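A.B. asks: The structure follows.
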Amino acid sequence: MKPWFDLPSPLPFASSISIIGGGIMGLLMALKLQNQGFQVTIFEKNSALMGEGSGNPAAILDPYISLQQTSPEQIYFTTAYQKALHFYRSLGGECFTAKALKKFAKSKAEIIRYQKIAGNYSSDFAIFQNDHILFKQSGILQPKDVGRKLSKDLTIKTNMDVRCFSYDAKKSIWQLYDSKENSIHSSNALILANSFQAHKFLQTKFLPVKPVKGQISFIYPDRAGINNSAILCKGGYVTPLIDNAEINQKCHIIGASFERDIPLNQRHHISKAADIENLKKLEDILNLDSNISPDALLGSRASMRAMSPDHLPIIGAVPDKEAYQHYYQKLYHGPDHAIFKSAPYHKSLYICAGLGARGMLSAPFAADILTWIIGRNLPKGDSDTLYNDKILHALHPARFHIRRLIRGASLK
Ligand SMILES: Cc1cc2nc3c(=O)[nH]c(=O)nc-3n(C[C@H](O)[C@H](O)[C@H](O)COP(=O)(O)OP(=O)(O)OC[C@H]3O[C@@H](n4cnc5c(N)ncnc54)[C@H](O)[C@@H]3O)c2cc1C
């Protein structure tokens, strides 16, 4: 029993819900909640949906693997991978293209580790071959198509930059405001699905979500000696030839760079250094001794990911930081030291952010988890063992508070 992670009470059926953010997370949350009878409206600050982290012309479904099969990370990402395959396939059209994925070991020690890891799975999921693990069922998403499919029947307001919000306890509503402090909308509940900007609000400024810039590079079909029908991964990745709707041309996509401490207004700037980093990763994947000429590059795209310190998303009700400090400051004496109160949250305020480098992959499961926390109705076909304490605690937005309090540090 960990009262500091107790779930909030379920939101009454048919409540109205506002969602801030029109990326993959916001769209999936809206769809799943609408399917359960809630009245949902998305607010997106750009003029179009899926224009930031979710806006790449392709995303790969690259499973997370480790030897810690029962760790929350491994359970979360393995479940997410299987759900993603099923969900994106079900969308039809161009959303998902089945492609095998080969994950190459970088050293002799890693070959041994990969062999052990593959041995833990059924051959339907993963097979070890010489120097790599083969994931036969993987694939590539076209995120813009996914966005178009998901948004068809949703209520969406674009060009809406939500700057702050406040709770009116008498009316049980959240009031949303724009940059001129004009009231935009009110609803019974509010979800933050705005990625690395989720900590921009008074109620969430404690959240440790950090922007990490990433760039992918597009390669001419015949300029780098790439000839693969599978997705190849080894630190970086290279896709088979795909239709890149962004540049209206076939190309390979390679990626992705990781750049920290980049000003937000430079998040879409294309960096030569990042292109070179991507080419280096490609040379490593192809085992080349010579450098690939930058002439092979056809274009690039850059955007921000949101990372949390432990690389797991932040999913759940938003904790009331002051109340956490007050209720649990004695936790450093041990969990059995006192009878602790149940977790204090901001009423009907939720978050799903910090999806990191595998956000397209894990978003369908992340959305199922938050939908379950909000309404407590199991998604069709799921058993409640998927929504167990181990997973919910590992993703809980207050986990960072609790770690500090256990160490005897203050939240102030
Ligand atoms: C270079 C790169 C390559 C990647 N490759 C892959 C991959 O191959 N496979 C994979 O699974 N994942 C990949 N990812 C990760 C994945 O793309 C992200 O984790 C995921 O798209 C995040 O989705 P999101 O909805 O949380 O955020 P976003 O897509 O960034 O959406 C957040 C939205 O919130 C809006 N917003 C922010 N603040 C406000 C506000 N105040 N008011 C209104 N709207 C607001 C933004 O405009 C934005 O549209 C990659 C990421 C990058 C950067």
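A.B. asks: Grab the beta carbon distance between Ala98 and Asn377, set R0 = 22 Å, and tell me the FRET efficiency rounded to 0.05.
C.D. replies: For Ala98 and Asn377, the calculated efficiency is 0.10.
A.B. asks: How high is the relative contact order of the stretch 211-297, given as a whole-number percent (alpha carbon pairs under 8 Å, six or more residues apart)?
C.D. replies: It rounds to 38 percent for the stretch 211-297.
A.B. asks: How much length, in nm to one decimal, is gained on full extension between Asp131 and Glu283, taken as 0.36 nm per residue of separation minus their Cα-Cα distance?
C.D. replies: The Asp131-Glu283 span can extend by a further 53.1 nm.
A.B. asks: Could you put Cys233, Cys251 in order, starting from the residue whose Cβ has the fewest other Cβ atoms within 10 Å?
C.D. replies: Fewest to most other Cβ atoms nearby, the residues stand as Cys233, Cys251.
A.B. asks: Quick one: if the Förster radius is 25 Å, what FRET efficiency do Asp384 and Lys152 give, using the C-beta to C-beta distance and rounding to 0.05?
C.D. replies: The computed FRET efficiency comes out at 0.25.
A.B. asks: If each residue of separation counts as 0.36 nm, what is the full-extension length gain between Tyr220 and Gln266 once their alpha-carbon separation is subtracted?
C.D. replies: Full extension from Tyr220 to Gln266 adds 14.0 nm.
A.B. asks: Using the alpha carbon gyration tensor of the chain, what are the three equivalent-ellipsoid semi-axes (square root of 5 times each eigenvalue), largest first, in whole Å?
C.D. replies: Taking √(5λ) for each eigenvalue gives 36, 25, 20 Å, largest first.
A.B. asks: Give me the aspartates and glutamates in straight-line cross-link reach of Lys347: C-alpha distance below 13 Å, same-chain residues under 8 apart excluded.
C.D. replies: Cross-link targets: Asp168, Asp320.
A.B. asks: May I pose another question? Along the positive direction of the dipole of the chain (beta-carbon charges: Lys, Arg +1; Asp, Glu -1; about the Cα centre), which of Gly408, Leu312, Thr385 reaches farthest?
C.D. replies: The listed residue farthest towards the positive side: Gly408.
A.B. asks: In nanometres, what is the gap between the two model label sites at Tyr64 and Gln249, each 7 Å from Cα along Cα-to-Cβ?
C.D. replies: 3.6
A.B. asks: Just to verify a number: FRET efficiency for Glu110 and Asn182, C-beta to C-beta distance, R0 = 35 Å, to 0.05?
C.D. replies: So, using R0 = 35 Å, E works out to roughly 0.05.
A.B. asks: Something else now. How would you rank 100-111, 331-342, highest first, on the average number of other Cβ atoms within 10 Å across their residues?
C.D. replies: Per-residue mean Cβ counts within 10 Å order the peptides as 100-111, 331-342.
A.B. asks: Where both residues lie in the chain, what percent of DSSP beta bridges are antiparallel, nearest 5?
C.D. replies: Among the beta bridges of the chain, antiparallel pairing accounts for roughly 75 percent.
A.B. asks: Turning to a different aspect of this structure: Among Lys99/Lys210; Lys103/Lys149; Lys99/Lys281; Lys171/Lys390; Lys157/Lys380, which pairs are too far apart, with a Cα-Cα distance over 26 Å?
C.D. replies: Lys99/Lys210; Lys103/Lys149; Lys171/Lys390; Lys157/Lys380, as the Cα separations exceed 26 Å there.
A.B. asks: Quote the relative contact order of the chain in percent (integer), defining contacts as alpha-carbon pairs under 8 Å separated by 6+ residues.
C.D. replies: 22 percent.
A.B. asks: Using C-alpha positions alone, give me the convex hull volume of the stretch 210-303 per residue in cubic angstrom.
C.D. replies: 99
Read-outs throughout are calculated quantities, based only on the coordinates presented, and are distinct from any laboratory measurement. Computed from a predicted structure; not experimentally measured. Neighbour counts are summed over all protein chains in view; Cβ atoms, including those assigned to glycine, are modelled from backbone coordinates with ideal geometry.
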